[in-house]
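Undergrad: Dropping the structure in here first, questions after.
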Amino acid sequence: DAGVIQSPRHEVTEMGQEVTLRCKPISGHNSLFWYRQTMMRGLELLIYFNNNVPIDDSGMPEDRFSAKMPNASFSTLKIQPSEPRDSAVYFCASSSGPNPTDTQYFGPGTRLTVL
Amino acid sequence: KQEVTQIPAALSVPEGENLVLNCSFTDSAIYNLQWFRQDPGKGLTSLLLIQSSQREQTSGRLNASLDKSSGRSTLYIAASQPGDSATYLCAVRGGSYIPTFGRGTSLIVHP
């Protein structure tokens, strides 16, 4: 298995532009997680899907952020409009289930820079 | 709210040393604790997962211990190698799917 795949790996955009980050989870995994990592706040969970359904989006910072999972093999995280404070590394992770004992497998991340 | 602290924030050691990384958490009502490794420009890789009922887990040169009552965990790395250079993060779960991560310890092992 190729593991969790994220694209793009790097994104540089200007303030106000729309940004879409993509994630392909490991085949057969039912749970998908979006995280954001910054120097200031460390690693934070943004949203969690189970069986393609958003279960908890309390970590989503504001309405400019939205996430979708139209099928079991694809998810997007969209920021519209983007702001410089959104600059961070965004990770997608998947696991076989929602239980705390289920190991999460992380993608390589997307480094977003908003100018 | 759970808070996770990792000390030291950075560590530089010569090859061959045994070393200990520390993780502390404020709420002892955890389900499990997990240690991850993060290489520059890459995602996190799970190293060891300790359930709340367990005291330690071992994998090769790595040994992780858990003292839930005192809110502490340690990751012991024996005979460190340059390939161990990375950032090590710990994460605790309080019975939900939402882990709380520490900021990590950045380790450099120089030849």
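Undergrad: Where the second residue is assigned to a strand (DSSP E or B) and the first is of a type in the set (D, E, K, R) and lies in segment A:45-65, which pairs have Cβ atoms under 6 Å and are six or more apart or on separate chains?
TA: A:ASP56/A:TYR48; A:ASP57/A:ILE47; A:ARG64/A:ILE79
For (1) under 11 Å from the mean Cα position of the chain (by Cα); (2) surrounded by fewer than 16 Cβ atoms within 10 Å (Cβ to Cβ); (3) among the hydrophobic types (A, V, I, L, M, F, W, C), each residue gets a yes or a no:
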residue	(1), (2), (3)
A:GLN6	yes, no, no
A:GLN37	yes, no, no
A:MET69	yes, no, yes
A:ASP102	no, no, no
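Undergrad: Just checking: which of the strands (runs of 3 or more DSSP E) contained wholly in segment A:19-82 hold 1 or more residues that are touching a helix residue (DSSP H, G or I) at 6+ places or on another chain (Cβ under 9 Å)? Don't jump to the end; show me each part of the working.
TA: On the way: elements: A:19-24, A:31-38, A:42-50, A:53-56, A:65-71, A:74-79.
Per the criteria, A:19-24, A:31-38, A:65-71, A:74-79.
Undergrad: Can I ask one more? Mind checking which residues of segment A:12-29 are open to solvent by less than 80 Å² (accessible area, probe 1.4 Å), within 14 Å of another protein chain (Cβ to nearest Cβ) and either basic (Lys, Arg) or within 15 Å of the chain's Cα centre (by Cα) (or both)?
TA: A:LEU21, A:CYS23, A:PRO25, A:ILE26, listed by residue number.
Undergrad: List every residue pair whose Cβ atoms sit under 7 Å apart, with the two residues 6 or more apart in sequence or on different chains, where the first one lies in segment A:95-113 and is among the hydrophobic types (A, V, I, L, M, F, W, C) and the second, anywhere, is not in a loop (DSSP other than H, G, I, E, B).
TA: A:PHE106/A:PHE91; A:PHE106/A:ALA93; A:PHE106/B:LEU44; A:LEU112/A:GLU11; A:LEU112/A:VAL19; A:LEU112/A:ASP86; A:LEU112/A:ALA88; A:LEU112/A:TYR90
Undergrad: So, one more: Could you say whether any residue in segment B:93-107 is in contact with an Asp or Glu (Cβ under 6 Å, 6 or more places away or on another chain), modelled with pLDDT of 95 or more and aliphatic (A, V, I, L, M)?
TA: Among the residues of segment B:93-107, not one is in contact with an Asp or Glu (Cβ under 6 Å, 6 or more places away or on another chain), modelled with pLDDT of 95 or more and aliphatic (A, V, I, L, M), which makes the answer no.
Undergrad: The conditions are (1) of a type in the set (A, V, I, L, M); (2) away from chain A (no Cβ under 11 Å); (3) part of a strand (DSSP E or B), and B:ALA29 fails exactly one of them. Which is it?
TA: All conditions pass for B:ALA29, except number (3).
Undergrad: Can we say B:SER24 is closer than 26 Å to A:ARG36 by Cβ, at pLDDT 95 or above and under 14 Å from the mean Cα position of the chain (by Cα)?
TA: For B:SER24, the condition - closer than 26 Å to A:ARG36 by Cβ, at pLDDT 95 or above and under 14 Å from the mean Cα position of the chain (by Cα) - is met.
Undergrad: Just wondering, is there one or more residues in segment B:34-50 that are in contact with a strand residue (DSSP E or B) (Cβ under 6 Å, 6 or more places away or on another chain), open to solvent by 60 Å² or more (accessible area, probe 1.4 Å), assigned to a loop (DSSP other than H, G, I, E, B) and within 13 Å of another protein chain (Cβ to nearest Cβ)?
TA: No, there is no match, as no residue in segment B:34-50 is in contact with a strand residue (DSSP E or B) (Cβ under 6 Å, 6 or more places away or on another chain), open to solvent by 60 Å² or more (accessible area, probe 1.4 Å), assigned to a loop (DSSP other than H, G, I, E, B) and within 13 Å of another protein chain (Cβ to nearest Cβ).
Undergrad: Shifting gears a bit: Looking at segment B:67-102 only, could you name the residues that are of a type outside the set (S, T, N, Q), over 20 Å from B:VAL13 (Cα atoms) and assigned to a loop (DSSP other than H, G, I, E, B)?
TA: B:LYS68, B:GLY71, B:GLY94, B:GLY95, B:TYR97, B:ILE98, B:GLY102
Undergrad: Taking the residues in segment A:84-108 that are among the charged types (D, E, K, R) and in contact with a strand residue (DSSP E or B) (Cβ under 6 Å, 6 or more places away or on another chain) as candidates, determine which candidate is farthest from A:ARG22 (Cα to Cα).
TA: Within segment A:84-108, the match that is farthest from A:ARG22 (Cα to Cα) is A:ASP102.
Undergrad: Under 7 Å between Cβ atoms, which residue pairs at least 6 apart in sequence (or on different chains) link something in segment B:15-32 that is without any contact (Cβ under 8 Å) to a residue 60 or more places away in the chain with a partner that is part of a loop (DSSP other than H, G, I, E, B) and of a type outside the set (A, V, I, L, M, F, W, C)?
TA: Final answer for the pair search is B:SER24/B:GLY71; B:THR26/B:GLN2; B:THR26/B:GLU3; B:THR26/B:GLY71; B:SER28/B:LYS68; B:SER28/B:SER69; B:SER28/B:GLY71.
The values are calculated or read from the model by the stated rules, or taken from the named source; none is laboratory data. Quick caveat: nothing in here was measured; it's all calculated off a predicted structure. Methodologically, a virtual Cβ is constructed for each residue, glycine included, from the backbone with ideal geometry; neighbour enumeration extends over all protein chains shown. To get the accessible areas, we keep the full protein, side chains included, count just its heavy atoms, and leave off ligands, DNA and RNA. Shrake-Rupley method; radii C 1.70, N 1.55, O 1.52, S 1.80 Å.
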